[in-house]
Amino acid sequence: MKNVRLDKFLSEKGICSRSEAKIFAKKGFITINGVKETKSDVKIDPLEDIVLFKGEEISKGQKEYYMLYKPAGVVSATEDKKEKTVLDLIPKPYAKDIAPVGRLDKDTEGLILITNDGELNHNLLSPKKHVDKTYFVRVKGLLDKSDVEAVEKGIDIGDEKDTLPAKLNIISSDDESECEITIHEGRFHQIKRMFKALGKEVIYLKRLSMGSLVLDEKLGKGEVRRLTEEEITLLKGK
Ligand code: URA
């Protein structure tokens with residue numbers, strides 16, 4: 001669908017500002033599907049049109065990295081017939097093949113990385129790499145030293161193997177308790193199942209970080225921003 005202005009597209013790709021786009025288009029620097037385009041306010045289809053800037057294709061092949069503060073009620077999928085997905089929260093245009101790295105439950109909030117960098121996606125999820133994930137958790141019931149020890153030792157959550165040693169920091173303990181937990185795996189419903197095995201129900205769950213990537217405190221629920229070059233480099237471990 002031709003629904004994005006060329007100048008907006010160029011500025012979001014980091015090529016130039018919207019006002020510069022006007023000048024560059026006039027100068028004949030831009031072609032769309034092989035045809036020179038001299039107006040920067042035309043609408044393009046960001047998913048289908050092939051845009052060249054000074055002869056170089058900018059519409060495809062670029063890696064895109066977004067940090068999303070996922071709100072509750074949104075599913076971690078690329079498409080869903082009924083539910084709102086994390087991709088619905090990414091401003092268009094975005095690369096056709098972006099996808100969330102891993103999943104958070106529909107009722108879980110917090111950090112989700114969304115990218116079309118398949119290698120990074122694979123590396124961050126690989127069970128062999130043990131990438132740290134830290135969550136803020138609110139549970140029903142008290143938390144004490146015995147829970148910290150159990151988490152440190154590994155817990156039987158009904159899988160073939162106990163969970164790997166993890167770290168639990170208690171923030172408060174009362175009828176409802178709060179803590180931060182860092183795990184090095186990503187099993188299905190892992191945090192909820194760990195606390196269930198400890199006799200506690202998770203009533204709120206938010207992911208704070210994944211590897212070196214930390215949820216930006218400036219982002220509100222449902223907001224998104226691109227990763228900085230530094231964040232990308234650190235995540236790639238280079
Ligand atoms: N563990 C869970 O139980 N749910 C999540 O969404 C993420 C980790």
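Summary table
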{"item": "Residue list for the range 184-238, restricted to those being aromatic (Phe, Trp, Tyr) and closer than 16 Å to HIS130 by Cα", "result": "PHE188"}
{"item": "Residues of the range 67-92 that turn out to be part of a loop (DSSP other than H, G, I, E, B), free of Cβ contacts under 8 Å to residues at least 12 places away in the same chain and either closer than 25 Å to PHE9 by Cβ or in contact with a Ser or Thr (Cβ under 6 Å, 6 or more places away or on another chain) (or both), as a count", "result": "2"}
{"item": "Unique match (being modelled with pLDDT of 95 or more, assigned by TED's automatic domain parsing to the domain that holds GLU223 and either more than 12 Å from the chain's Cα centre (by Cα) or among the charged types (D, E, K, R) (or both)) among LYS70, LYS26, LYS39", "result": "LYS70"}
{"item": "Qualifying residue in the range 25-38 (condition: under 30 Å from TYR204 (Cα atoms), among the polar types (S, T, N, Q) and outside any strand (DSSP E or B))", "result": "no"}
{"item": "The range 105-114: number of residues that are in contact (Cβ under 8 Å) with a residue 60 or more places away in the chain and over 19 Å from LEU227 (Cα atoms)", "result": "3"}
{"item": "In the range 115-146, residue nearest to SER76 (Cα to Cα) [restricted to those that are within 16 Å of the ligand (Cβ to nearest atom) and without any contact (Cβ under 8 Å) to a residue 60 or more places away in the chain]", "result": "PRO127"}
{"item": "Selected residue (only one of ILE171, ILE232 is away from the ligand (no atom under 15 Å from the Cβ) and either in a helix (DSSP H, G or I) or of a type in the set (Lys, Arg) (or both))", "result": "ILE232"}
{"item": "Total residues in the range 184-199, condition buried (at least 19 other Cβ atoms within 10 Å of the Cβ) and either assigned to a loop (DSSP other than H, G, I, E, B) or more than 13 Å from the ligand (Cβ to nearest atom) (or both)", "result": "0"}
{"item": "Where a residue in the range 184-205 is without any contact (Cβ under 8 Å) to a residue 40 or more places away in the chain and under 11 Å from ILE155 (Cα atoms) and its partner, wherever it lies, is part of a loop (DSSP other than H, G, I, E, B) and more than 7 Å from the ligand (Cβ to nearest atom), with Cβ under 6 Å and at least six apart", "result": "ARG193/ILE157"}
{"item": "Only listed residue being surrounded by 19 or more Cβ atoms within 10 Å (Cβ to Cβ), under 14 Å from GLU109 (Cβ atoms), touching a strand residue (DSSP E or B) at 6+ places or on another chain (Cβ under 6 Å) and in contact (Cβ under 8 Å) with a residue 24 or more places away in the chain, chosen from LEU215, LEU227, LEU235", "result": "LEU215"}
{"item": "Scope the range 93-106; condition within 16 Å of the ligand (Cβ to nearest atom) and either surrounded by fewer than 14 Cβ atoms within 10 Å (Cβ to Cβ) or in a loop (DSSP other than H, G, I, E, B) (or both); matching residues", "result": "VAL101, GLY102, ARG103, LEU104, ASP105, LYS106"}
{"item": "Sole residue being out of contact with any Ser or Thr (no Cβ under 9 Å at 6 or more places or on another chain) and at pLDDT below 95, chosen from GLY158, GLY118", "result": "GLY118"}
{"item": "Evaluation of ILE181 against (1) closer than 30 Å to LEU47 by Cα; (2) within 13 Å of the ligand (Cβ to nearest atom) (one fails), failing number", "result": "(1)"}
{"item": "Test: residue in the range 212-227 that is within 16 Å of the ligand (Cβ to nearest atom), within 23 Å of LEU125 (Cβ to Cβ) and at pLDDT 95 or above", "result": "yes"}
{"item": "Unique residue being within 16 Å of the ligand (Cβ to nearest atom), assigned to a loop (DSSP other than H, G, I, E, B), farther than 30 Å from GLN62 by Cα and outside the structural domain of GLY102 (by TED's automatic domain parsing) when the list is ILE157, ILE203", "result": "ILE157"}
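The values are calculated or read from the model by the stated rules, or taken from the named source; none is laboratory data. In this text the structure is predicted, and so the values were computed from the model without any measurement. All Cβ positions, glycine included, derive from the backbone under ideal geometry; neighbour counts span all protein chains shown.
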